[in-house]
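Below is one structure, written out as structure tokens; the observations come after it.
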Amino acid sequence: RTPMPTPAAAHGPRESLPRRAVVTGAAGFIGSHLCQALLARGVTVIGVDRRDPSKHLSAAHNLADIRTHPGFVFATGDLRTCAIEPLLLDADVVFHLAGVPGVQPSWGADFDDYVASNISATQRLMHAVTRLRIPRLVVASSSSVYGAPDGDRPSVETDHPRPASPYAVTKLAEEQLCLAHAARSDCDTTVVALRYFTIYGPRQREDMFVQRLLTAASTGLTLQIYGDGKQRRDFTYIHDAINATIAAGTVYLPNSVINVGAGRTISLNDVVERAHQLTGQPINVRSTSARSGDVSVTCADVTSARRLLGWAPTTDLVTGMATQLDWMASSRSPSPVAAEAV
Ligand code: NAD
Ligand code: UGA
């Protein structure tokens, strides 16, 4: 079991915002929002991603608002192979969000990429981070590390992890690998692993439920629900997740594992109903077979996040979905992945 860290107050005052931050996975959903929020706070940001925005439309869309920002430098690089140290020079914090997400593809031929990008690339990054004595690394872990719920109560960081998919196994390995480096007596880097719970909002990945639901609501296309739709998720709004992430790079902390979730759970069927009420549109739903590794419920206990990060989620699901719908309506190309260069 992961030891519970003591509150931030016991470890000294709040630190100031980083001056210079590296964000891996910068062209992705969460990474692009993080870059934007850091830039808005005056932080210089080095964004790294293996998807070159001049070749990948969804990466270009994600970065559209910040590509020309004077405080932003984007480097195309694959963390499995690229030279990492030059990217990290003079950084106060590294936010490690690069990785291959999604539960289902991890059962198939993509597994090697999950291992290489989520585990081996993280090992390369940690060697560079610790050698350069970067003070803080924040790593994107996942609610999926918990697996099947332990009774009816929300998941606490000290729960025994029972990952139910190959993806979840790689995310558990990733966070524990970072923590193993941080525990070395010669390591000057503090690691904060954030277990994100199903993040949604503008620019959400096209394979994810809320994006597909809102697409179905606005186009009339059929939404496929895997299983009976009674599975429950702790849907967490992107801006709440970003605020927690910035706090994790800012607040004085020991090595920690912290849940980042809304702390509320809702079934997919109920989310469909909420989207129907929000849009006034009928939503065509087709049930298909349940998918392996798809856990029945996720729900975060956010006591640690409140205590250690001074953070609380603020956006309810209907408000968050309304903002995502607005973004979809205003987006120049609502379905960039359809035209994605591979
Ligand atoms: P995303 O796919 O939109 O972003 C990930 C980015 O990482 C992509 O742009 C991709 O090109 C990049 N990347 C992958 N492998 C790389 C490599 N080897 N070198 C360099 N770049 C690489 O995914 P996301 O939803 O933004 O997720 C970001 C992180 O958060 C991932 O680590 C994911 O496992 C984790 N996470 C996401 C959620 C969620 O709900 N979205 C929940 C829990 C954890
Ligand atoms: C999401 C991300 O995809 C993972 O990368 C992340 O690690 C994980 O959150 C997490 O919280 O750690 P998931 O909770 O499965 O995984 O989120 P969605 O992909 O949005 O799926 C939510 C539910 O909707 C799942 O039960 C899924 O099977 C279902 N779903 C999804 C459908 O029924 N239909 C769809 O078209 C898509």
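Brief remarks follow.
- Residue satisfying condition, being within 27 Å of residue 169 (Cβ to Cβ) and surrounded by fewer than 21 Cβ atoms within 10 Å (Cβ to Cβ), within set 249, 280, 263: 263
- Boolean, residue 191 is among the aliphatic types (A, V, I, L, M), crowded, with 22+ Cβ neighbours inside 10 Å, over 16 Å from residue 265 (Cβ atoms) and more than 11 Å from ligand 1 (Cβ to nearest atom): yes
- Some residue of the stretch 143-157 being touching a residue at least 24 places away in the same chain (Cβ under 8 Å), crowded, with 16+ Cβ neighbours inside 10 Å, within 14 Å of ligand 1 (Cβ to nearest atom) and of a type in the set (A, V, I, L, M): yes
- The residues in the stretch 168-188 that are under 24 Å from residue 313 (Cβ atoms) and open to solvent by 20 Å² or more (accessible area, probe 1.4 Å) can be counted, and the count is 1.
- Close Cβ contacts (under 6 Å, 6 or more residues apart or on different chains) running from residues in the stretch 203-230 that are within 19 Å of residue 331 (Cα to Cα) to residues that are of a type in the set (Gly, Ala, Ser) and open to solvent by less than 40 Å² (accessible area, probe 1.4 Å) comprise 207/102; 213/275; 217/275.
- The residue list 90, 152 contains one member that is assigned to a loop (DSSP other than H, G, I, E, B), under 23 Å from residue 296 (Cα atoms) and over 17 Å from the mean Cα position of the chain (by Cα), which is 152.
- For first residues located in the stretch 22-33 and in contact (Cβ under 8 Å) with a residue 12 or more places away in the chain and aromatic (Phe, Trp, Tyr), partners that are assigned to a loop (DSSP other than H, G, I, E, B) and within 13 Å of ligand 2 (Cβ to nearest atom) and lie 6+ apart or on another chain with Cβ distances below 6 Å form the pairs 29/204; 29/205.
- Residue match in the stretch 219-233 (condition: closer than 21 Å to residue 154 by Cα, more than 11 Å from ligand 2 (Cβ to nearest atom) and not aromatic (Phe, Trp, Tyr)): no
- Test: residue in the stretch 124-138 that is over 14 Å from residue 46 (Cα atoms) and of a type in the set (Ser, Thr, Tyr): yes
Residues checked against (1) more than 12 Å from ligand 1 (Cβ to nearest atom); (2) farther than 24 Å from residue 32 by Cβ:
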site: 103; (1), (2): no, no
site: 107; (1), (2): yes, yes
site: 118; (1), (2): no, no
site: 124; (1), (2): no, no
site: 128; (1), (2): yes, no
site: 133; (1), (2): yes, yes
site: 138; (1), (2): no, no
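- For the stretch 60-94, the tally of residues that are within 13 Å of ligand 1 (Cβ to nearest atom) and farther than 21 Å from residue 116 by Cα stands at 5.
- The stretch 14-39 - residue that is of a type in the set (D, E, K, R) and assigned to a loop (DSSP other than H, G, I, E, B) and, of those, modelled with the highest pLDDT: 19
- Pairs linking a residue in the stretch 102-120 that is of a type in the set (A, V, I, L, M) to a residue that is modelled with pLDDT under 95 and within 9 Å of ligand 1 (Cβ to nearest atom), with Cβ atoms under 9 Å and 6 or more positions apart or on different chains, do not occur.
The values are calculated or read from the model by the stated rules, or taken from the named source; none is laboratory data. Here the structure is a predicted model, which means the values were calculated and not measured. No Cβ is skipped: glycine too gets one built from the backbone with ideal geometry, and neighbour counts run over all protein chains shown. The protein model used for the area step is the full one, side chains on, heavy atoms only, and it has no ligands, DNA or RNA in it. Shrake-Rupley method; radii C 1.70, N 1.55, O 1.52, S 1.80 Å.
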